[in-house]
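The structure under discussion appears below in the form of structure tokens.
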Amino acid sequence: MNNQILGLHHVTAITSSAEKIYHFFTDILGLRLIKKTVNQDDIETYHLYFTDDLGSPGTDMTFFDFPGVPKGLKGTNTISRTSFRVKNDAALTYWVARFDEYQIEHGEISQRFGKKYLEFEDFDNQRYQLISDETNTGVPAGVPWKNANVPAESALIGLGPSFVTVENLDHMKLVLEQVLGFKHISTDGQFHLFEVGEGGNGASVIVEHRTDLPIAREGFGAVHHLAFRVENRESLEYWIKRLSQLEFPNSGYVQRYYFESEYFRAAPGILFELATDGPGFLEDETYETAGEILALPPFLEPKRQEIEAYVRPFDTSKTNQQRS
């Protein structure tokens, strides 16, 4: 049995608008809405899953749209930026032009840890970057969404390094190395690169050490949690036992239907999750129509009428048609 953490599984963030984030991720970034469901712990809130063409683990960014939540405050003690992989350096040049066309706030193409990247933000000032796989090895990338309006050679093909900004670097280093099995690879100023498993862009965390910032506050425009991949239920049970023995505040086993997981508080403001690779997002939908209707796990299906009365309906029926 392989109990090693395999890489990044998904990032979950908070948005001010399910409709606007759907447009941003499908029409501008060219990712696929593979699942439109609700927060299983808060049925008044959408939970949208954007992935590669197949819904592969490690390609997935998800969003909650909690009603009435305030805007998040940037600062320290938070998961501060989400990366997406692109095939090569040339793809970053394509994205500079595309962001200019759509008037998306972005920086310049830069380099860190030997890889080129491009930072950008969405309408909530959620922070992202694209990172080039030009010199990358390690965890394989995903598959471009075949119905995207982005050329396959420039497509987003999976999650890249997640950024964690903290006051206490020593504590986060201990959690990553001594608890989760990451290796410290390199340091660039206040940025510290850690990798796990096969390594590379799909298995990296970049810790930013900042003591000069206010404490971040959760809200829209902020990341809620970061999830790491584990192979299966048996491996997950190993981690549940390990984290409990180490006395980390944790959720214990959680059945999410599309995967199984455990959440734990790694540091102040930092919520991590361990999630299994399967069963996957096509358990209750077909490849052709996934993301078009409100999908509910079996335990919520009896509440469908109640849930549909809570959430604002919006049309995703063209998810699998060619985007204009």
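Please treat every number below as a calculation from the coordinates, not as lab data. The structure displayed is predicted, hence computed values, not measured ones. Using ideal geometry, Cβ is built from the backbone for each residue, glycine included, and neighbour counts are taken over all protein chains shown.
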Quiz prompt | Full-stretch length increase - residue 312, residue 102 - with 0.36 nm per residue and alpha-carbon distance subtracted | solution = 73.0 nm
Practice problem: Give a residue-ordered list of calculated ³J(HN,Hα) values for the stretch 29-43 (Karplus: 6.51 cos²θ - 1.76 cosθ + 1.60, θ = phi - 60°; whole Hz; x for Gly, Pro). | Solution: 7, x, 9, 9, 7, 8, 8, 10, 9, 10, 4, 5, 9, 8, 6
Exercise. Note the full-extension length gain between residue 284 and residue 217 as 0.36 nm times their separation in residues minus their Cα-Cα distance, in nm to one decimal.
Key: 20.6 nm
Quiz item: Where a ≥ b ≥ c are the square roots of the eigenvalues of the C-alpha gyration tensor, would you call the chain rounded, which needs a/c under 1.5, or, failing that, prolate if a/b is larger than b/c, or oblate?
Solution: rounded
Practice problem: Would you mind counting up the charge near residue 107? Only other residues with Cβ under 10 Å from its Cβ, with Lys and Arg at +1 and Asp and Glu at -1. | Solution: -4
Quiz prompt | Inter-probe distance in nm under a simple model that places probes 7 Å from Cα toward Cβ, at residue 198 and residue 109 | solution = 2.6 nm
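Between residue 171 and residue 137, what's the calculated FRET efficiency when r is the beta-carbon distance and R0 is 30 Å? Round to 0.05.
Efficiency for this residue pair is about 0.50.
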Self-check item: Order of 34, 14 under a 10 Å beta carbon neighbour criterion, fewest first
Solution: 14, 34
Quiz item: If the cut-off is a Cα-Cα distance under 21 Å, which lysines reach residue 183, setting aside same-chain residues fewer than 8 apart in sequence?
Solution: 115, 173
Practice problem: Would you mind calculating the gained length between residue 187 and residue 2 on full extension (0.36 nm times residue separation, minus the Cα-Cα distance), in nm to one decimal? | Solution: 63.7 nm
Practice problem: Tabulate in residue order the Karplus-calculated ³J(HN,Hα) for the stretch 252-261, using 6.51 cos²θ - 1.76 cosθ + 1.60 with θ = phi - 60°, rounded to whole Hz; enter x for Gly and Pro. | Solution: x, 5, 10, 8, 9, 6, 7, 6, 10, 8
Quiz item: If Lys and Arg each add +1 and Asp and Glu each add -1, what is the summed charge of the other residues whose beta carbon sits under 13 Å from the beta carbon of residue 260?
Solution: -4
Quiz item: Just the projected area, averaged over all directions, of the convex hull on the alpha carbon atoms of the stretch 56-98: how many nm²?
Solution: 5.5 nm²
Quiz prompt | Size of electric dipole in the chain: Cβ of Lys, Arg +1 and of Asp, Glu -1, about Cα centre, debye, nearest 20 | solution = 320 debye
Quiz prompt | Separation in nanometres of the label points that stand 7 Å from Cα toward Cβ, at residue 178 and residue 153 | solution = 4.9 nm
Quiz item: Does the stretch 214-287 come out rounded, prolate or oblate by the C-alpha gyration tensor, with a ≥ b ≥ c the root eigenvalues, rounded set by a/c under 1.5 and, if not, prolate when a/b is larger than b/c and oblate if not?
Solution: oblate
Quiz prompt | Residue order, fewest to most beta carbons within 10 Å, for 35, 146, 87 | solution = 146, 87, 35
